[in-house]
1. Just one of (1) under 22 Å from Ala180 (Cβ atoms); (2) buried (at least 21 other Cβ atoms within 10 Å of the Cβ) trips up Met123, so point out which.
2. Just give me the residues in region 100-120 being touching an Asp or Glu at 6+ places or on another chain (Cβ under 8 Å) and open to solvent by 20 Å² or more (accessible area, probe 1.4 Å), in sequence order.
3. Looking at the structure I just gave you, is Leu13 in a helix (DSSP H, G or I), at pLDDT below 95 and surrounded by 14 or more Cβ atoms within 10 Å (Cβ to Cβ)?
4. Kindly establish whether Ala94 is open to solvent by less than 40 Å² (accessible area, probe 1.4 Å), modelled with pLDDT under 95 and either among the small types (Gly, Ala, Ser) or part of a loop (DSSP other than H, G, I, E, B) (or both).
5. With the checklist (1) under 27 Å from Glu71 (Cα atoms); (2) open to solvent by 60 Å² or more (accessible area, probe 1.4 Å); (3) modelled with pLDDT of 95 or more in hand, flag the one item Ala201 doesn't pass.
6. Considering only region 50-105, how many residues are in contact with a Phe, Trp or Tyr (Cβ under 9 Å, 6 or more places away or on another chain) and closer than 16 Å to Thr210 by Cβ?
7. Yes or no: Ile173 under 23 Å from Lys88 (Cβ atoms) and open to solvent by less than 30 Å² (accessible area, probe 1.4 Å)?
Amino acid sequence: GVFTVEQARDRILLGRVRSGMVINDEERRLIALHESGHAIVGMVACPEDRLHKITIEPRGRSLGAAHFSPEADRHLHPRRYLEGIIAKALGGRAAELGFLGPDDVTTGAGSDLVQATGIARRMVAEFGMSDAIGLVSADPQAQGGNVSGQLQGEIDTAIRALMAVQAARAESIVRRHRDAVEALATALIAREVLSAEEAYAMAESFGVETGRSTIASV
């Protein structure tokens, strides 16, 4: 069949829709909450990246996606932005925690943790963005070989601390905007896909400060 540009873009970014995959109602709700958590936390913590769409269609290896597109090609990323990306990545787990409690969180955050931990590691070990570690690089060239066990231990502690702060931030955003997360999840369960415009309008109707107007006017 003929692809629209939108469908072609989705296939590249999100993967092929997995037809014939049956997801039960309970899992659909879990996935919808998870993606709504990413979306709301992303709008608040990382407004520089614009939401493109949210979907709970199973595609490729993922069961859903809150797809964000950076506003512009940046070559330098401020610390605030990197922290926002970590919070956004942890927003799915934060929503599961907020709505289901600690015993019912799911495996859905696996790839989110890979992304968030990777960014946190680079902030701490490459970009001198941890006060605990200071302006030291763990690059083997800078260290004249492998990093000492002591520095590696300190880096691991600093990464964990950075992740914990952003996880708490994501959880607090979900708590503050619980109604908005619930509304997005309900709409996703009914429709499977929400455009950015629909998602932003819905979030804003529940009082979420999406940063849309401030960025548009710059």
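The values are calculated or read from the model by the stated rules, or taken from the named source; none is laboratory data. This is a predicted model, so every value here is computed, not measured. Every residue, glycine among them, receives a Cβ derived from its backbone with ideal geometry; neighbour counts consider all protein chains shown. Surface accessibility is based on the protein's heavy atoms, side chains included, excluding ligands, DNA and RNA. Shrake-Rupley method; radii C 1.70, N 1.55, O 1.52, S 1.80 Å.
1. Here Met123 meets the rest and fails (1).
2. Asp104, Val105, Thr106, Gly108
3. So Leu13 fits the description; yes.
4. No.
5. The single condition Ala201 does not satisfy is (2).
6. Residues in region 50-105 being in contact with a Phe, Trp or Tyr (Cβ under 9 Å, 6 or more places away or on another chain) and closer than 16 Å to Thr210 by Cβ: 4 in total.
7. Taking the combined requirement at face value, the residue satisfies it.
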